[in-house]
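The numbers here are math on the coordinates, done by the rules we state, and not lab data. Predicted model, so just to flag it, every value in this text is computed and none were measured. Every residue, glycine as well, gets a Cβ built from its backbone with ideal geometry; the counts of neighbours run over all protein chains shown.
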Amino acid sequence: MSHHRRLAPHRDFHRALSIEELRVYARRRVPTFALEYVEGGAEDEISLRHNRDIFEQMRLVPNTLVNTSARHQRCKLFGQEIASPLIIAPTGLNGMLWHRGDVALARAATHAGIPFCQSTVSNVRLEEVAAQAGGRLWMQLYVMRDRAIAREILTRAQRAGFEALVFTTDANVFGYREWDRRNYRAPAKLTLRNMLDVACHPRWLMNVLVPRGVPRFENVVDFMPPAARSAKASVAVIPQLFAPDISWDDVQWLREQWRGKLLLKGVLNVADAQRAASLGCDGIVLTNHGGRQFDTCVSPMEVLPSIANAVGNKLTVIVDSGFRRGSDVIKARALGADAVMLGRATLYGLAAGGEAGVTHALNILTSEIDRALGQLGCNSLDEVGPHLLAPTQPARSASVLTLAK
Ligand SMILES: Cc1cc2nc3c(=O)[nH]c(=O)nc-3n(C[C@H](O)[C@H](O)[C@H](O)COP(=O)(O)O)c2cc1C
């Protein structure tokens, strides 16, 4: 029977019924090299696959005959209500998927009543995103070798009214994405096969490349060496600017400088989570960078229970990496997360249809969360807890191991 089944049989992405189907629409619109940049993981992509395996192996146990007609998925994040337990994760180079992609993502997030986190290596100036999207905006920070970059970004984000600063801690060494590299014959120079593939995507060419060429890293371009300011050259240079010497001293320094909420993105063990709390951070993002940085890294879902248990009353605990279904979000809440960051799920929407595509991705996920709540017999996210998880769960047994240490 399966050979009759085909995802995305239409031309219109609005007809995608799942994130996986939206991915097929994205694949059709965007050249291979750009989609590989979004989808790929480090080395053998074991972390990338493992992030999904964890969700696929977890099982939920519903309560039956509960009246759930009044259910909702609103919850609080840093004391303020959000419409769903979701945040759009920081991703660099969104302008490669859609012209001014950062604005499209931010507007869709605001429309959906959830925060948007902008990347240091985004393609639209943070002030413009604030002016054009409004809503709850967070700024992600890569601390570069030249600390003046961090100083300037946090001053500007403070002035533009950003709510939170998210310091990414898992990029002291740049991940080695072998499949991504195979698309280039030299840094920033595509292979001939990829150049031909680009020519076969006229809708993408007209939307992304024709308006202004390869998008620039607008938030950090002034700090680039003069020879590397052009869009193409900077793509090759950026990884070398990342500071290999970031440490807890930077957290202390950021805490002194930044008045808003401060989060660390890249925490994966209890000791680091406790250290973040003791240095005055407001939250942590448990992540393996969507499997893009360190291959064979643990999935954040496996360490979530022990970390939530240790610091959940002191810190807001956010988790990401591999979320593609509403039931995944429910599983994270059941293990103690406050909210979930979405990376590729909303990028597939962006690549398939700009702001409308992101809105479509968020609608898919929020209706899945709503159905899962109803089917579990829950009226709100507060009723979701570990009691809904089947007893033998990979994520739970891993947490038992962590606790036993
Ligand atoms: C294309 C792409 C670019 C990314 N760029 C950044 C970035 O600039 N800063 C950052 O902290 N994380 C970055 N990430 C990681 C995401 O914030 C997030 O941790 C990850 O995508 C979550 O996994 P998921 O894609 O499976 O949802 C990026 C991820 C992707 C897919």
Length gain on complete extension for the stretch Ala148 to Trp248, per 0.36 nm per residue less the alpha carbon to alpha carbon distance? 34.2 nm
The distance between the Cα centres of the stretch 155-225 and the stretch 302-357, in whole Å, is 24 Å
Starting from the stretch 49-127, pick out the trypsin sites (Lys or Arg not before Pro) whose DSSP state is loop and whose Cβ has at most 16 other Cβ atoms within 10 Å. Arg59, Arg74, Arg125
Just want the answer: with Cβ charges of +1 for Lys and Arg and -1 for Asp and Glu, which residue in Gly101, Ala372, Thr168 is farthest toward the dipole's positive end in the chain? Gly101
The chain: spread of alpha-carbon positions along the three principal axes, whole Å, largest first, is 62, 58, 40
At 10 °C and 1.306 mPa s, what whole-number value in µm²/s does Stokes-Einstein give for the translational diffusion of the stretch 304-352, with Rh from the Kirkwood sum over Cα pairs? 138 µm²/s
Between Ala228 and His10, how many nm apart are label points set 7 Å from Cα along the C-beta direction? 4.6 nm
Ascending count of other beta-carbon atoms within 10 Å, so fewest first, for Met96, Met144, Met139: Met144, Met96, Met139
Using Cα positions and a limit of under 24 Å, work out the lysines in reach of Lys314, with same-chain residues fewer than 8 apart set aside. Lys76, Lys261, Lys265, Lys331, Lys405
Antiparallel bridge percentage (DSSP; both residues within the chain; nearest 5): 20 percent
Distance between modelled label sites at Thr191 and Arg212, nm, 7 Å Cα→Cβ extension: 3.1 nm
Assign unit charges at the C-beta atoms only (+1 for Lys and Arg, -1 for Asp and Glu), then state the dipole size of the stretch 259-405 relative to its Cα centre in Debye, rounded to the nearest 20. 280 debye
